1. Leaving out same-chain residues fewer than 8 places away, which lysines sit with a Cα under 17 Å from that of residue 101?
2. In segment 125-196, carbon and sulfur make up what percent of the accessible area (probe 1.4 Å)?
3. Give the accessible area for residue 86 in Å² (nearest 10); use a 1.4 Å probe, count only protein heavy atoms, and leave out ligands, DNA and RNA.
4. Going by amide H atoms built from the backbone, whose H comes under 5 Å of the H on residue 122, apart from near neighbours?
5. Scan around residue 205 for amide H atoms under 5 Å from its own, H built in the peptide plane at 1.01 Å from N, and keep only partners 5 or more places away or cross-chain.
6. Distance from a point 7 Å along Cα→Cβ of residue 169 to each backbone N in segment 95-111: keep the residues under 16 Å and list them by number.
7. Let me know the shape class of segment 65-180, please: from the alpha-carbon gyration tensor, a ≥ b ≥ c as square roots of the eigenvalues, rounded when a/c is under 1.5, otherwise prolate if a/b is greater than b/c, or oblate.
8. Can you compute the modelled spin-label distance between residue 97 and residue 188, with each label point 7 Å from Cα toward Cβ, in nm?
Amino acid sequence: VADIRTMAQSGEPLHLFSVEGGYLRSFGADIAAVRPGLSGLLERRIVPAVRDDELWSAVSTQYVLQRWSRTGTKEAELVRRADWFTPHWTHPMPSRTEPPKPQVAGILVAGDTAIWVASLIADDNWRQGLGKTIVGRGPPPREGVTVIDYDKLLDTVIEVIDIRSGTVLVSQVFDQCFPFLLSTEYLAGLELDSRDEPKIGLWRLILRYR
């Protein structure tokens, strides 16, 4: 997954290379295009390891799951419509005036029947996770906000979706930020220590089907 700025690859979010590192092909966009002001957003995809002759990707700001062949053919698409996930094409930058936008943080294909999805959404008290205001370099100078507690800023929604029907089998909200979906049993969260240095916390995941 990358934004390759060449005439042939620009606007395509997925790029396939051989095990030797040789470039094979680019694909992933219905219409390969670069739009002013949206650099990197149209190309933003979440991709787990390639399985056999196919791979799944997620449009992180849309909650759209797509299955691709190695030749770059789209074979399936699942569009998840949820009240808590409003599709958007904006950068998920911290702000004091607006809550963080939802985004798909990770996907995991479990066997041939289910796909796991981890999404990050705004916590009810998201402002408590923000720190001091900073001004970036311009021109024009941009004002931003530091994050002091990701768990207070963001919650995590874990969902298990049936690949064939698109049915949501499990949907669970966690009052913590877990941006890393490692497996069907483990999540990883980003924390800050007393010196504001980031560290990774590992969590065991247990979901019970009804």
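The values are calculated or read from the model by the stated rules, or taken from the named source; none is laboratory data. These numbers were taken from a predicted model, which means no experiment stands behind them. Cβ atoms come from the backbone with ideal geometry, glycine included; neighbour counts cover every protein chain shown. What goes into the accessible areas is simple: the full protein's heavy atoms, side chains included, and nothing from ligands, DNA or RNA. Shrake-Rupley method; radii C 1.70, N 1.55, O 1.52, S 1.80 Å.
1. 152
2. Working: 2080 of 4360 Å².
Carbon and sulfur atoms account for 48 percent of the accessible area of segment 125-196.
3. We get 90 Å² for residue 86.
4. Amide H to amide H, under 5 Å and 5 or more residues apart or across chains, residue 122 pairs with 155.
5. 186, 187
6. Backbone N within reach: 107-111.
7. Since a/c reaches 1.5 and a/b is larger than b/c, the shape of segment 65-180 is classed as prolate.
8. In this crude label model, residue 97 to residue 188 measures out at 3.6 nm.
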